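Quick notes on the structure that follows.
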Amino acid sequence: MAQEARAREAIERVLLSEEEIARRVRELAGQISDDYADADDLVLVGVLKGSFIFLADLARRLTVPHHVDFIALSSYNRGTVSTGAVRMIMDTRSSISNRHVLVVEDIVDTGHTLDYLLRTFRARNPASLRVCVLVSKPERRQVEVQIDYLGFEVPDMWLVGYGLDYADRFRTLPYIAALKEEVYR
Ligand code: IMP
Ligand code: MG
(Lines give C-alpha, C1' and ligand atoms only; values in the text may rest on other atoms or scores of the structure.)
(Ligands and ions follow the chains in the order given, each with its own letter.)
Protein backbone atom coordinates (compact mmCIF):
# COMPACT_ATOMS: atom_id res chain seq x y z
CA MET A 1 0.00 0.00 0.00
CA ALA A 2 1.21 3.50 -0.72
CA GLN A 3 2.33 5.60 2.27
CA GLU A 4 -0.53 8.08 1.82
CA ALA A 5 -3.18 5.33 1.83
CA ARG A 6 -1.62 3.67 4.85
CA ALA A 7 -1.53 7.01 6.66
CA ARG A 8 -5.17 7.77 5.89
CA GLU A 9 -6.22 4.57 7.66
CA ALA A 10 -4.36 5.54 10.85
CA ILE A 11 -5.07 9.27 10.95
CA GLU A 12 -7.90 10.96 12.80
CA ARG A 13 -7.38 14.38 11.22
CA VAL A 14 -4.74 16.71 9.85
CA LEU A 15 -3.92 19.28 12.53
CA LEU A 16 -1.35 21.40 10.72
CA SER A 17 -1.21 21.57 6.94
CA GLU A 18 1.96 21.79 4.91
CA GLU A 19 1.18 25.46 4.17
CA GLU A 20 0.51 26.37 7.82
CA ILE A 21 3.77 24.75 8.89
CA ALA A 22 5.73 26.50 6.13
CA ARG A 23 4.29 29.88 7.09
CA ARG A 24 5.14 29.41 10.78
CA VAL A 25 8.64 28.14 10.01
CA ARG A 26 9.25 31.28 7.94
CA GLU A 27 8.11 33.45 10.88
CA LEU A 28 10.31 31.61 13.35
CA ALA A 29 13.31 31.86 11.02
CA GLY A 30 12.71 35.61 10.70
CA GLN A 31 12.55 36.07 14.45
CA ILE A 32 15.66 33.94 15.04
CA SER A 33 17.57 35.77 12.28
CA ASP A 34 16.74 39.11 13.95
CA ASP A 35 17.71 37.90 17.42
CA TYR A 36 21.04 36.42 16.31
CA ALA A 37 21.99 39.22 13.92
CA ASP A 38 25.05 40.09 16.03
CA ALA A 39 25.94 36.60 17.26
CA ASP A 40 29.10 35.12 15.89
CA ASP A 41 29.25 31.35 15.90
CA LEU A 42 25.63 30.22 16.11
CA VAL A 43 25.15 26.47 16.13
CA LEU A 44 21.80 24.78 15.61
CA VAL A 45 21.65 21.47 17.43
CA GLY A 46 18.90 19.23 16.08
CA VAL A 47 17.55 16.45 18.25
CA LEU A 48 17.36 13.28 16.16
CA LYS A 49 15.43 11.81 14.66
CA GLY A 50 12.28 13.87 15.01
CA SER A 51 13.71 17.32 14.24
CA PHE A 52 15.44 16.54 10.95
CA ILE A 53 12.75 17.94 8.65
CA PHE A 54 11.98 20.98 10.82
CA LEU A 55 15.67 21.78 11.15
CA ALA A 56 16.25 21.45 7.40
CA ASP A 57 13.41 23.87 6.61
CA LEU A 58 14.22 26.31 9.42
CA ALA A 59 17.96 26.44 8.71
CA ARG A 60 17.41 27.20 5.02
CA ARG A 61 15.24 30.18 5.97
CA LEU A 62 17.82 31.73 8.33
CA THR A 63 19.62 34.79 7.05
CA VAL A 64 22.38 34.62 9.68
CA PRO A 65 25.48 32.42 9.36
CA HIS A 66 25.20 29.22 11.37
CA HIS A 67 26.52 25.71 11.83
CA VAL A 68 24.43 22.57 12.08
CA ASP A 69 25.02 19.70 14.47
CA PHE A 70 22.94 16.87 15.90
CA ILE A 71 22.42 14.82 19.00
CA ALA A 72 20.33 11.71 19.51
CA LEU A 73 18.49 11.09 22.76
CA SER A 74 16.38 8.21 23.82
CA SER A 75 13.71 8.20 26.48
CA TYR A 76 12.82 4.92 28.02
CA ASN A 77 9.31 4.54 26.72
CA ARG A 78 6.44 2.25 27.47
CA GLY A 79 4.58 2.50 24.19
CA THR A 80 3.79 6.18 23.80
CA VAL A 81 4.30 6.88 27.52
CA SER A 82 7.61 8.40 28.59
CA THR A 83 9.07 7.10 31.84
CA GLY A 84 11.11 10.25 32.37
CA ALA A 85 14.53 8.58 32.10
CA VAL A 86 16.59 9.93 29.21
CA ARG A 87 19.98 8.94 27.86
CA MET A 88 22.25 10.33 25.17
CA ILE A 89 22.85 7.99 22.26
CA MET A 90 24.90 10.33 20.11
CA ASP A 91 26.58 13.57 21.15
CA THR A 92 27.36 16.62 19.01
CA ARG A 93 30.34 16.30 16.66
CA SER A 94 31.78 19.66 17.74
CA SER A 95 32.07 21.27 21.16
CA ILE A 96 29.36 23.76 22.17
CA SER A 97 31.46 25.62 24.77
CA ASN A 98 31.52 29.41 24.24
CA ARG A 99 29.18 29.16 21.24
CA HIS A 100 25.63 30.40 20.78
CA VAL A 101 23.55 27.25 20.87
CA LEU A 102 20.00 26.94 19.55
CA VAL A 103 18.46 23.56 20.27
CA VAL A 104 15.94 22.54 17.61
CA GLU A 105 13.37 20.04 18.83
CA ASP A 106 10.29 18.60 17.16
CA ILE A 107 7.91 18.32 20.08
CA VAL A 108 7.77 18.80 23.84
CA ASP A 109 5.43 16.47 25.67
CA THR A 110 6.23 15.75 29.35
CA GLY A 111 9.35 17.94 29.09
CA HIS A 112 11.74 15.29 30.42
CA THR A 113 13.79 15.02 27.22
CA LEU A 114 14.36 18.75 26.87
CA ASP A 115 14.98 19.14 30.60
CA TYR A 116 17.74 16.52 30.44
CA LEU A 117 19.25 18.09 27.35
CA LEU A 118 19.29 21.62 28.77
CA ARG A 119 20.87 20.49 32.01
CA THR A 120 23.54 18.59 30.07
CA PHE A 121 24.24 21.52 27.74
CA ARG A 122 24.30 24.18 30.48
CA ALA A 123 27.13 22.31 32.17
CA ARG A 124 29.21 22.79 29.01
CA ASN A 125 29.18 26.60 29.27
CA PRO A 126 27.78 27.70 25.93
CA ALA A 127 27.88 31.48 25.24
CA SER A 128 24.07 31.28 25.17
CA LEU A 129 21.48 28.53 25.11
CA ARG A 130 18.02 28.81 23.61
CA VAL A 131 15.39 26.40 22.42
CA CYS A 132 13.23 26.31 19.29
CA VAL A 133 10.37 23.82 19.37
CA LEU A 134 7.89 23.21 16.59
CA VAL A 135 5.07 21.72 18.66
CA SER A 136 4.22 21.78 22.37
CA LYS A 137 1.56 19.84 24.26
CA PRO A 138 1.27 22.00 27.42
CA GLU A 139 -1.39 19.80 29.06
CA ARG A 140 1.12 16.95 29.21
CA ARG A 141 3.95 18.79 30.97
CA GLN A 142 5.52 17.13 34.02
CA VAL A 143 8.57 19.41 34.24
CA GLU A 144 8.58 23.06 33.19
CA VAL A 145 11.09 23.69 30.42
CA GLN A 146 12.39 26.77 28.71
CA ILE A 147 11.04 27.30 25.18
CA ASP A 148 12.25 30.48 23.46
CA TYR A 149 10.70 29.95 20.03
CA LEU A 150 7.52 27.92 19.67
CA GLY A 151 5.71 26.94 16.48
CA PHE A 152 2.39 25.64 17.73
CA GLU A 153 0.54 24.55 20.86
CA VAL A 154 -1.60 21.46 20.38
CA PRO A 155 -3.95 19.37 22.53
CA ASP A 156 -3.01 16.01 24.00
CA MET A 157 -2.99 13.71 20.96
CA TRP A 158 -0.34 11.54 19.34
CA LEU A 159 0.97 13.40 16.33
CA VAL A 160 2.77 12.14 13.25
CA GLY A 161 4.34 13.67 10.16
CA TYR A 162 6.90 16.40 9.45
CA GLY A 163 9.50 14.38 11.37
CA LEU A 164 7.17 13.01 14.05
CA ASP A 165 6.69 9.28 14.13
CA TYR A 166 4.69 6.52 15.64
CA ALA A 167 6.89 3.41 16.02
CA ASP A 168 9.18 4.95 13.39
CA ARG A 169 6.37 5.29 10.85
CA PHE A 170 4.71 8.31 9.22
CA ARG A 171 7.77 10.57 9.70
CA THR A 172 7.87 11.90 6.17
CA LEU A 173 4.24 12.91 5.75
CA PRO A 174 4.32 16.58 4.69
CA TYR A 175 1.67 17.63 7.24
CA ILE A 176 1.17 16.99 10.98
CA ALA A 177 -1.77 14.78 11.83
CA ALA A 178 -3.30 13.22 14.95
CA LEU A 179 -3.41 9.43 15.02
CA LYS A 180 -6.63 7.62 15.76
CA GLU A 181 -6.65 6.69 19.43
CA GLU A 182 -7.12 2.98 18.72
CA VAL A 183 -3.79 2.99 16.88
CA TYR A 184 -1.67 4.04 19.87
CA ARG A 185 -3.65 3.42 23.05
P1 IMP B 1 9.02 14.33 26.43
O2 IMP B 1 10.32 13.93 26.98
O3 IMP B 1 7.86 13.61 27.07
O4 IMP B 1 8.79 15.82 26.35
O5 IMP B 1 8.94 13.77 24.98
C6 IMP B 1 9.69 14.24 24.02
C7 IMP B 1 9.88 13.23 22.92
O8 IMP B 1 8.82 12.25 22.81
C9 IMP B 1 9.85 14.00 21.64
O10 IMP B 1 11.12 14.49 21.31
C11 IMP B 1 9.33 12.97 20.66
O12 IMP B 1 10.41 12.22 20.19
C13 IMP B 1 8.42 12.10 21.47
N14 IMP B 1 7.01 12.52 21.33
C15 IMP B 1 6.23 13.09 22.27
N16 IMP B 1 4.98 13.33 21.80
C17 IMP B 1 4.98 12.90 20.52
C18 IMP B 1 3.97 12.87 19.48
O19 IMP B 1 2.80 13.29 19.64
N20 IMP B 1 4.35 12.32 18.31
C21 IMP B 1 5.60 11.85 18.08
N22 IMP B 1 6.57 11.88 19.00
C23 IMP B 1 6.27 12.39 20.22
MG1 MG C 1 12.27 14.70 19.69
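The values are calculated or read from the model by the stated rules, or taken from the named source; none is laboratory data. In this text the structure is predicted, and so the values were computed from the model without any measurement. We place every Cβ from the backbone using ideal geometry, glycine too, and count neighbours over all the protein chains shown.
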Residues in segment 21-34: is at least one within 16 Å of ligand 1 (Cβ to nearest atom) and surrounded by 16 or more Cβ atoms within 10 Å (Cβ to Cβ)? yes
When Arg26 is run through (1) over 14 Å from Leu134 (Cα atoms); (2) outside any loop (DSSP other than H, G, I, E, B), the failure sits at (1)
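Anything in segment 111-146 that is part of a loop (DSSP other than H, G, I, E, B), away from ligand 2 (no atom under 13 Å from the Cβ) and closer than 24 Å to Met90 by Cβ? List them, or say none. Before you say what the answer is, go through the steps one by one.
Taking segment 111-146 as the starting set, the residues that turn out to be part of a loop (DSSP other than H, G, I, E, B) are 111, 123-127, 137, 141-146.
Now drop any that are not away from ligand 2 (no atom under 13 Å from the Cβ), which leaves 123-127, 141-144, 146.
Passing the criteria: Ala123, Arg124, Asn125, Pro126, Ala127, Val143, Gln146.
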Exercise. Is there a residue in segment 103-110 that is part of a strand (DSSP E or B) and out of contact with any strand residue (DSSP E or B) (no Cβ under 7 Å at 6 or more places or on another chain)?
Worked result: no
Check on Arg13, charged (D, E, K, R) and either loosely packed, with under 11 Cβ neighbours inside 10 Å or assigned to a strand (DSSP E or B) (or both): yes
Residues in segment 61-76 that are farther than 17 Å from Leu129 by Cα, touching a helix residue (DSSP H, G or I) at 6+ places or on another chain (Cβ under 8 Å) and surrounded by fewer than 18 Cβ atoms within 10 Å (Cβ to Cβ) total 4
Counted residues in segment 167-185 being surrounded by 17 or more Cβ atoms within 10 Å (Cβ to Cβ) and either in a strand (DSSP E or B) or at positive phi (or both) come to 5
Just one listed residue, out of Asp57, Asp69, is at pLDDT 95 or above, part of a helix (DSSP H, G or I) and more than 16 Å from ligand 1 (Cβ to nearest atom), and it is Asp57
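Let me confirm something: among Gly50, Gly46, which residue is part of a loop (DSSP other than H, G, I, E, B), within 15 Å of ligand 2 (Cβ to nearest atom), within 25 Å of Ala167 (Cα to Cα) and not basic (Lys, Arg)? Break it down stepwise before answering.
On the way: Gly46 fails: part of a loop (DSSP other than H, G, I, E, B).
Exactly one of Gly50, Gly46 is part of a loop (DSSP other than H, G, I, E, B), within 15 Å of ligand 2 (Cβ to nearest atom), within 25 Å of Ala167 (Cα to Cα) and not basic (Lys, Arg), namely Gly50.
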